[in-house]
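A.B. asks: One structure is given below, represented as structure tokens, and several questions about it will come after.
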């Protein structure tokens, strides 16, 4: 049975943050990371346009079991009230869509995701 104390969930979660302007490829990268994580058995929650962490907490309230990982997509950093374990792993710039496409192809080539999952990226 899942831990009913949702505040405790956050202590055990990996939180990855992708930032960048519109049209930088951050949404595609968020889907790509989520697809890879799900393919490896990690229950992953993907959230877009995150401006403050309370938005994520609202999403978590709808769940009965905690995700292993949060992937957050935002335009600005820092995100208000973000937890200290959050890692801003990707800072994209306008025009980085080609880099995201290369990462997607790399994931396919390494067998991390099937080529059929190209619908998201």
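We did not get these values from a lab; they are worked out from the coordinates using the rules stated. This one's a predicted model, so the numbers in the text were calculated from it and none came from an experiment. Cβ atoms come from the backbone with ideal geometry, glycine included; neighbour counts cover every protein chain shown.
A.B. asks: Between Rg and the Kirkwood Rh of the range 11-116, both from Cα atoms, what is the Rg to Rh ratio? Can you show the working numbers first?
C.D. replies: Values: Rg = 13.7 Å, Rh = 14.2 Å.
Using only Cα positions, Rg/Rh for the range 11-116 is 0.97.
A.B. asks: Under the definition of Cα pairs under 8 Å and six or more residues apart, what whole-number percent is the relative contact order of the chain? Please list the in-between numbers first.
C.D. replies: Working: 188 pairs, mean separation 47.7, N = 121.
Averaging sequence separation for qualifying contacts and normalising by length gives 39 percent for the chain.
A.B. asks: May I ask for the distance between the Cα centers of the range 1-58 and the range 66-110, given as a whole number of Å?
C.D. replies: Here the answer is 9 Å between Cα centres.
A.B. asks: Same structure again: Report, in degrees rounded to the nearest 10, the 0 to 90 angle that the Cα long axis of helix 26-39 makes with the longest principal axis of the chain.
C.D. replies: Computed tilt is about 70 degrees.
A.B. asks: Using Cα atoms only, what is the angle between the long axis of helix 97-109 and the major principal axis of the chain, expressed in degrees (0 to 90) to the nearest 10?
C.D. replies: 90 degrees
A.B. asks: If you don't mind, another one. Can you give the helix-only mean residue ellipticity at 222 nm for the chain, where every DSSP H stretch with n ≥ 4 adds -39500 (n - 2.57) and the sum goes over all residues, rounded to the nearest 500 deg cm²/dmol?
C.D. replies: Numbers: 4 runs with 39 residues, N = 121.
Value at 222 nm, helices only, nearest 500: -9500 deg cm²/dmol.
A.B. asks: While we're here: Along the Cα→Cβ direction, 7 angstrom out, place labels at residue 75 and residue 38. What is the inter-label distance in nm?
C.D. replies: 2.6 nm
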